[in-house]
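See below for the structure under consideration.
We did not get these values from a lab; they are worked out from the coordinates using the rules stated. Just so we're clear, the structure is a prediction, and the values are computed from it rather than from any experiment. Neighbour counts run over all protein chains shown; Cβ positions are idealised from the backbone, glycine included.
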Amino acid sequence: MELIKSLEALGFGVDIANADVVVVGGGGAASRAAVSAAQAGAKVLVLAKAPVGKGGSTVHGASEIMSMGASGYGSRDDSPDVHYRDTMQAASGFIDPELVRVLAEDAPERIRDLINWGVPFDRVGGEDYKLIQSDFGSFARALGVAGKTGKAFVNALAEQAALLGVETRAPVALVDLLRDQAGTVVGVLGMDIDTHRLLVVHAPAVVLGTGGAHGLFTQQVSTAEMIGDGQAICFRHGAELVNMEFHQFGPAMVHPYVQLFSKSCFVLHPKMTNRLGHEFLPGYLPAGVSAEEAMDEKVFPFTISNPSRYIDIAIASEISQGRGSERGAVYFDFAHVDPERMARTIPNTMRWMAAKGLDPRRDKLEVGIAFQCLNGGVRMTSADASSTLPGLFVIGELAGGVRGPDRPGGNSLAEGQVFGHRAGNGAARYARERMTSRPVDGDVLVGRMENVLRPNVDLAPAPRASQLREVMQTHCLVEKNEAGMTMALQTVQQINQLLAQGGGATAATALDVLSLENMATTAGVILQACLRRKESRSSHYRVDYPERDDARYSHAVVMQRNGDGIRYTDLVYPPSDASAVKAAQS
């Protein structure tokens, strides 16, 4: 009660809720966690920043190949062991082999759950499942639903949650974790975005599935409400984060609607021109690599591991040098492509464009470089998605440990379903064992909220947030270097200095300041991780360190708050199922 009285004394309206398990997030992983926790007998409360089915990467992801990878539905030569090896080969040394084993072995059963709940996976001729062979996959094992697979997942899970009596409150933003004096997580503090009232939720188990950091960039393929809230809040509480220097991005149409462009679009060999009408790609290709070869080898997301990297580099360079459109894009033209071939190759894209009144053979499409996904996150320490904070489970894009520099396509949706299920079960079990309520230690939280309300006429959250997005888009996507990322980090530090002087908010505008603080915290972590890795590897391309350096950097790095700084710890994951070894703190 002391926490509630203190928050009310600051002028906030405060509501109270109780649950066995509180799930924060409304995407695929969070929805699965809520269903599984309820199936395990827990009273579940879901808090979602956007209405369930309206926000997040799972719902808004759309491409010709958006799908979930799982063996058992295609070739008899494929198996969980092959799926495991594919994943380990793409990121060995950077991902937890025990968690990857769980992912590969559980994915087929999670697909079966979705089938039983009515998810209409694409079929060929009405019988066999239509399977996609994704990047870094040995076999075609990924199942999809007309390019909008995630939305079908969330819709089916929402129906199951309703049948199980799961309570959902939205739109509610995560403000902070609640912890007792021993440091155990015992609930969360949220804020109703419409009414600006705070919501104190007491729960012995907390599952965070708050998504990624799309809102840190000007161009992204999901929804901008994901600004790294979960990453920032967990970091401030001392949780371990891993692989934060690795994130995914690539070419995407940015106007008149947003859609990533996968290999299916590039094998049609679109004509790529800048604002001046110049066909620019040949000027970026080394001797012996043709534009057609680069396009035929295109993978999404960007990686330096094959010749398609020159496409992303060329697009980003043209835009940064002022030869892009007003929207920060170049132009794709498909006028020369046979219409029947387009209909065969990109049927989903053609259907979506037709619904928007677009004809890719008639209209020039504006294509930029868009952020897609964080590969790092809050480190999972066990198969039930526990974090390094007692009582806290982390899932989906927020979680780290099974995504490294590269990963097979289809794994992201699989991770959400596999570890969402395991986190829900684990949280329900954890809650049953710890039903005795513990008082919240709210002193730090109250001090933070006091600072948010402290007058500061020099802080304007919206312009500062825009400034942050611009520097992250410019300096932390395709081509990274010391000077550019240092400049971006200085912007983050300036924002943090202003925030430290006070947020200048009222109870009605406090969320704007809290959001800016989270954006700056997560952006700072990403930038410092990228600066520390002085090599190029997969999606992490340093123009000042263009070579891969296995002697120094063939392992993951854990980041943890250390006062006002960061403690870095090398995390040497074994190449196969075994316990990881930590070494060399620096």
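Tabulated values for the structure
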{"item": "Segments 94-101, 452-459 sorted - mean Cβ within 10 Å per residue, highest first", "result": "94-101, 452-459"}
{"item": "Rg followed by Dmax, in Å, when segment 443-546 is reduced to its Cα trace", "result": "15.6, 48"}
{"item": "Computed over segment 443-546: relative contact order in percent, which uses C-alpha pairs under 8 Å that are six or more apart", "result": "38"}
{"item": "FRET E, pair Thr436, Leu163, Förster distance 22 Å, beta-carbon r, rounded to 0.05", "result": "0.15"}
{"item": "Segment Lys5-Ala355, extension gain: residue separation times 0.36 nm, minus the distance between their alpha carbons", "result": "120.7 nm"}
{"item": "Order of Glu397, Glu167, Glu8 - criterion: other Cβ atoms within 10 Å of each residue's Cβ, fewest first", "result": "Glu8, Glu167, Glu397"}
{"item": "q = 0.22, 0.30, 0.31 Å⁻¹, segment 410-460: log10 I(q)/I(0) [Debye, one scatterer per Cα]", "result": "-0.82, -1.06, -1.07"}
{"item": "Three principal axis lengths of the chain [C-alpha, angstrom, descending]", "result": "69, 56, 51"}
{"item": "Local electrostatic count, His269, Cβ distance below 13 Å [Lys/Arg +1, Asp/Glu -1]", "result": "-3"}
{"item": "Distance in nm between pseudo-label sites at Asp458 and Arg327 (7 Å out along the Cβ direction from Cα)", "result": "3.8"}
{"item": "Length-normalised contact order for segment 248-372 - Cα pairs under 8 Å, 6+ apart - percent", "result": "36"}
{"item": "Environment charge of Val145, counting only residues whose C-beta is closer than 11 Å and scoring Lys/Arg +1, Asp/Glu -1", "result": "+3"}
{"item": "Cα→Cβ-extended label distance, 7 Å offset, between Leu276 and Glu470, nm", "result": "2.4"}
{"item": "Volume in Å³ per residue [convex hull over Cα atoms, computed for segment 285-386]", "result": "193"}
{"item": "Rounded to 5, percent antiparallel among DSSP beta bridges of the chain", "result": "70"}
{"item": "Extension reserve of the Asn116-Glu450 stretch, reckoned as 0.36 nm per residue once the Cα distance is removed", "result": "115.3 nm"}
{"item": "Furthest towards positive pole of dipole, Ala414, Gly41, Thr210, structure part the chain, Cβ charges", "result": "Gly41"}
{"item": "Residues in segment 409-449 reached by a label modelled at Asn18 [backbone nitrogen below 13 Å; 7 Å Cα→Cβ]", "result": "435-439"}
{"item": "Cα centroid of segment 420-436 to Cα centroid of segment 498-546, whole Å", "result": "32"}
{"item": "Relative contact order [Cα under 8 Å, 6+ residues apart], the chain, whole percent", "result": "22"}
{"item": "Inter-part distance where segment 3-48 and segment 174-249 are each reduced to a Cα centre, Å", "result": "13"}
{"item": "Chymotrypsin sites (Phe, Trp or Tyr not before Pro) restricted to segment 184-273 and DSSP loop, no more than 11 other C-beta within 10 Å", "result": "none"}
{"item": "Total charge dipole magnitude, the chain, about the Cα centre, Cβ charges on Lys, Arg, Asp, Glu only, Debye to nearest 20", "result": "360"}
{"item": "Efficiency of FRET from Cβ geometry, His336 and Asp128, R₀ 41 Å, rounded to 0.05", "result": "0.75"}
{"item": "Helical segments meeting 27 Å axial Cα length and Kyte-Doolittle -0.5 threshold in the chain (DSSP H)", "result": "97-116, 510-532"}
{"item": "Summed side-chain charge close to Leu514 - residues other than Leu514 whose Cβ falls under 11 Å, Lys, Arg +1, Asp, Glu -1", "result": "-3"}
{"item": "Straight-distance crosslink candidates among lysines, where the alpha carbon sits under 16 Å from Lys54 and sequence neighbours closer than 8 are dropped", "result": "Lys148, Lys151"}
